[in-house]
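Asker: Sharing a structure here in structure tokens format.
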Amino acid sequence: AASEGSGAPAPAPGKGKMSGEDKKATRKPEDMQQDKPSPPQAVADVSGGVDEGPPIDPDDENSDTCQFCGRQDPSFRFGGMDMHLFEECPLLIKCDACQQVVEIATLRDHRLFECEAKNIIDWQECTRCGLAIASAEMEAHQNNEEECRPLVEGCLRCPLCFRDIPVEGTSVSFAWQDHLLQEGCPANPRSM
């Protein structure tokens with residue numbers, strides 16, 4: 001599809017491929033979560049940052065690159081991207097409560113603010129470590145010193161393996177990529 005300002009004529013209404021704006025206008029509300037502003041994450045005071053380069057357009061049906069992990073695969077152009085996102089991408093996970101696929105980096109906030117099963121599982125923010133824990137498991141969680149400890153300044157806490165992820169000198173996004181792609185989170189059921 002032609003983009004605005006490219007000099008190429010746009011397809012007539014109802015013909016050709018939909019533009020990214022048209023797709024956004026026709027997406028269901030549950031598909032538009034990434035358009036919402038995110039609630040604050042449990043992150044200790046972190047400063048600095050690194051330019052992450054141009055973003056990958058998630059609406060580009062011809063992209064062979066995952067917008068989350070950066071994996072390139074020609075099969076992504078022919079429907080393989082959906083399989084990768086729903087089953088393989090190591091930066092995503094199915095919420096164990098509602099089965100929605102979410103970024104691991106936002107799992108805490110998903111549980112506290114968006115999870116469709118929050119009326120079944122009463123997610124609570126742990127007052128010690130800041131993670132979202134089922135209220136029925138809170139006491140056991142807080143008694144487990146390896147799992148529940150105060151958040152270290154300049155770090156994030158992985159909701160899967162409970163490790164501290166240093167962010168100093170890098171961006172939050174790169175810190176998550178390093179933990180999930182380079183180091184390899186030991187509790188991540190998906191790996192590359």
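The values are calculated or read from the model by the stated rules, or taken from the named source; none is laboratory data. Only a predicted model underlies this, so the values are computations on that prediction, with no experimental measurement involved. In this analysis, Cβ positions are derived from the backbone assuming ideal geometry, glycine residues included, and neighbour counts consider all displayed protein chains. Remember, those area values only see protein heavy atoms, side chains included, never the ligands or the DNA or RNA. Shrake-Rupley method; radii C 1.70, N 1.55, O 1.52, S 1.80 Å.
Asker: With respect to the numbered conditions (1) buried (at least 16 other Cβ atoms within 10 Å of the Cβ); (2) aliphatic (A, V, I, L, M); (3) at pLDDT 95 or above, which one is the sole condition not fulfilled by Ala140?
Answerer: Tallying (1) buried (at least 16 other Cβ atoms within 10 Å of the Cβ); (2) aliphatic (A, V, I, L, M); (3) at pLDDT 95 or above, Ala140 fails exactly one: (1).
Asker: Now for a different question. Scan region 74-89 residue by residue and report those that are buried (at least 18 other Cβ atoms within 10 Å of the Cβ) and of a type in the set (Phe, Trp, Tyr).
Answerer: Phe76 - this is the single residue of region 74-89 that is buried (at least 18 other Cβ atoms within 10 Å of the Cβ) and of a type in the set (Phe, Trp, Tyr).
Asker: If you don't mind, another one. Could you check how many residues of region 146-159 are within 23 Å of Pro189 (Cα to Cα) and open to solvent by 60 Å² or more (accessible area, probe 1.4 Å)?
Answerer: The qualifying residues number 1.
Asker: For Leu92, are the conditions met, namely being surrounded by 17 or more Cβ atoms within 10 Å (Cβ to Cβ) and touching an Asp or Glu at 6+ places or on another chain (Cβ under 9 Å)?
Answerer: Spelling it out, Leu92 is indeed surrounded by 17 or more Cβ atoms within 10 Å (Cβ to Cβ) and touching an Asp or Glu at 6+ places or on another chain (Cβ under 9 Å).
Asker: Tell me, please, whether a residue that is open to solvent by 30 Å² or more (accessible area, probe 1.4 Å), part of a strand (DSSP E or B) and more than 30 Å from Asp64 (Cβ to Cβ) can be found in region 124-131.
Answerer: yes
Asker: Does Val152 fit the bill of being within 19 Å of Pro90 (Cβ to Cβ) and among the β-branched types (Val, Ile, Thr)?
Answerer: no
Asker: Given the criteria open to solvent by 80 Å² or more (accessible area, probe 1.4 Å), farther than 23 Å from Met83 by Cα and within 16 Å of the chain's Cα centre (by Cα), does Phe113 qualify?
Answerer: Answer is yes for this residue.
Residue-wise test of (1) of a type in the set (Asp, Glu); (2) open to solvent by 50 Å² or more (accessible area, probe 1.4 Å); (3) under 19 Å from Gln67 (Cα atoms); (4) touching a residue at least 12 places away in the same chain (Cβ under 8 Å).
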{"position": "Ala136", "(1), (2), (3), (4)": "no, yes, no, yes"}
{"position": "Cys161", "(1), (2), (3), (4)": "no, no, no, yes"}
{"position": "Glu168", "(1), (2), (3), (4)": "yes, yes, no, yes"}
{"position": "Val172", "(1), (2), (3), (4)": "no, yes, yes, yes"}
{"position": "Leu180", "(1), (2), (3), (4)": "no, no, yes, yes"}
{"position": "Ser191", "(1), (2), (3), (4)": "no, yes, yes, yes"}
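Asker: Ok, one more. Under 7 Å between Cβ atoms, at least 6 apart or on separate chains: pull out the pairs that start in region 72-86 with a residue that is without any contact (Cβ under 8 Å) to a residue 12 or more places away in the chain and end on any residue that is outside any helix (DSSP H, G or I).
Answerer: As it stands, the answer is Gln72/Asp64; Gln72/Thr65; Asp73/Asp64; Pro74/Asp64; Gly80/Asp73, since those pairs meet every condition given.
Asker: Among (1) touching a residue at least 24 places away in the same chain (Cβ under 8 Å); (2) open to solvent by 60 Å² or more (accessible area, probe 1.4 Å), there is one condition Asn119 misses while meeting the rest; what is its number?
Answerer: Looking at each condition in turn, Asn119 falls short on (1).
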